[in-house]
Amino acid sequence: MKRRHFMQTGFAALAATALPAVYNQSTYASRIGKRPSELKIIDIKRQTVRLPFRPAPQRAMDREIPHWRYCEIVQVELSGGAIGIGEGLLYYSWGVTSDEAVQSAIGSNAADLMWNDDLGAGLQMALFDAVGKAGGVPAHRLLGNQVYDTTPLSWWNIDMPTKDMLSECQEALRLGYKAYKTKGRPWFDLWDQTETCAKAMPEDFKIDMDFNETLLTAKQGIPILKWMDQFPQVDIYESPIPQSDIHGNAAITKAVRAGVSLHYGTPSPKDVVKHDVCDGFVIGGGATRLMRQAHVAETMDMRFWLQLVGAGLTAAFSLHFGAVCSAATWPAVNCHQLYVHDMLKEPIRVRNGLAAIPDKPGLGVELDWSIVHRYAVEKPAERPDPARMIETTYTDGRRMYTANNGTVNFMLNPARFPGNMPYFEKGVDSKLLPNDGSARWKELYERSRKEGPIVIEP
């Protein structure tokens, strides 16, 4: 079976990897050798920060998702004196910590509460950090049995012009990364991006392309993917077409050399196995959800990458999952590389594509509070969504205008369905079109907000 097997362990051995230790919450206080009273949550503080992007990511993020700047730091204090720190992006996360979650957590036993995914990313992460510190053990000892001392990490960017994509690949390689994950989009020249970056990178540097279903169908997508297959650097295609298209994804998986990855859950694991739908998964979310999915993937003998998105603390939390998840052998995607500063005192070091698993208590990393204070802001009342319009140009003179319209994926959503915008073409390029105050800009902006992408013929 193509690229699937991540280890030689059989199903029986996998079944013996101790799920009860992960999910029997009542055992934690005794296991870590602390009186329950010392694990009582006595205080929770939160602080929003607005993190600046590095120059190349900023050009891309300002175009489509500028709200990824906003992150919330959560600090938990336990009755025994342990303090845990977590974080979560306010506008891109599997769960944002609510006022209600904070209020309900006060007075509870941190070890009993930390597996509750409803707490949101920041609070749940802080509880794992605090309980680990209280017990004097790394967070991964609270998750399961350690199977790896290192785990692979990937460098991530949203879609960007070839020049910026190349510079990001080069920066990733310089810093010890061996994998780069980005987006495949019909408003950039996929052929130029792939060939230019692949030819500039060594063969053991891998480029993974997330299409977010924009290739639409197997019939349309397979010729493009098979062309990309010629470059050994191209390694994984994520969600090439709608994930619900079982037979289409199975046809792609059979036809291409590179791996095919889908977000866990659609199709069901049963259908994935029955129809050989993909080679592996994308797995993330809260601790309980993540570990359940990881164990299913392991029993299916399906590799996956961890996708926990945020700044430095999130990346550190991901390392601990990587320590205990046998099948997490594809490079993890954490996105902390986007920022000028990931808020850690010591950045996560990557050597030959791998990062060491922290062995200090809790998350095993220290937050740089001077950076938190520097970028501290009031929490926005709602997701910031500044007016912006993207101009896409084609070699035959056509121009497409797409304006933000209140939805997060205002550029991506139309591309997931045929007929809303031109399909993948060579020579296409896109840029953020500044508001010059003209009546023309305003007219196109208002039209696109109402109608979606507008294509103007030459």
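Counting only trypsin sites (Lys or Arg not before Pro) that sit in a DSSP loop (anything but H, G, I, E, B) with at most 13 other Cβ atoms within 10 Å, what is the longest stretch of the chain containing none of them?
Result for the longest clean stretch: 3-344.
Taking the beta-carbon count within 10 Å as an exposure proxy, list PHE53, PHE281 from fewest neighbours to most.
Placing the least packed residue first, the sequence is PHE53, PHE281.
Once both axes come from the Cα atoms, what is the angle between helix 312-324 and the longest principal axis of the chain, in degrees from 0 to 90, rounded to 10?
Once rounded, one gets 70 degrees.
What is the order of SER430, SER370, fewest Cβ neighbours within 10 Å to most?
Least to most surrounded, the residues fall as SER370, SER430.
Using only the Cα atoms of the chain, what are the Rg and Dmax in Å?
Over the chain's Cα set, Rg and Dmax evaluate to 22.5, 74 Å.
For n ≥ 4 DSSP H runs only, could you compute -39500 (n - 2.57) per run for the chain, divide by its residues and tell me the 222 nm figure to the nearest 500?
-9500 deg cm²/dmol
Between ILE456 and SER167, what is the FRET efficiency for a Förster distance of 35 Å, r being their Cβ-Cβ separation, to the nearest 0.05?
Efficiency at R0 = 35 Å is approximately 0.65.
With just the Cα atoms defining each centre, how far is the stretch 393-409 from the stretch 307-384? Give it in Å.
After rounding, the separation between the Cα centres reads 33 Å.
May I ask for the angle, rounded to the nearest 10°, between helix 439-451 and the longest principal axis of the chain, with both axes built from Cα atoms and the value confined to 0 to 90°?
60
Just to be sure I follow the definition: excluding the sites themselves, where is the longest run in the chain that has none of the GluC sites (Glu not before Pro) in a DSSP loop with at most 12 other Cβ atoms within 10 Å?
The answer is 1-202.
Using only Cα atoms, tell me the angle between helix 287-299 and the longest principal axis of the chain; keep it within 0 to 90° and round to the nearest 10.
In the chain, helix 287-299 runs at an angle near 80 degrees to the longest axis.
Rounded, prolate or oblate, given the Cα gyration tensor of the stretch 389-456, with a/c below 1.5 counting as rounded? Don't jump to the answer; show the numbers that get you there.
On the way: a/c = 1.87, a/b = 1.18, b/c = 1.58.
Oblate shape, in that a/c is at least 1.5 and b/c is the bigger or equal ratio.
Calculate, in nm to one decimal, what GLN230 and TYR423 gain on full extension: separation in residues at 0.36 nm each, minus their alpha carbon distance.
Separation in residues times 0.36 nm, less the Cα-Cα distance, equals 67.3 nm.
Which loop chymotrypsin sites (Phe, Trp or Tyr not before Pro) in the stretch 178-261, with loop taken from DSSP, have no more than 15 other Cβ atoms within 10 angstrom of their Cβ?
Nothing satisfies the criteria.
How many angstrom separate the Cα center of the stretch 154-221 from the Cα center of the stretch 79-118?
35
Fewest first, what order do SER37, SER239 take by the number of other Cβ atoms within 10 Å?
On the way: SER37 11, SER239 23.
Listing SER37, SER239 from fewest to most nearby Cβ atoms yields SER37, SER239.
No lab work stands behind these numbers, since they all come straight from the coordinates. Quick caveat, the model's predicted, so the values are computed rather than measured. Every residue, glycine as well, gets a Cβ built from its backbone with ideal geometry; the counts of neighbours run over all protein chains shown.
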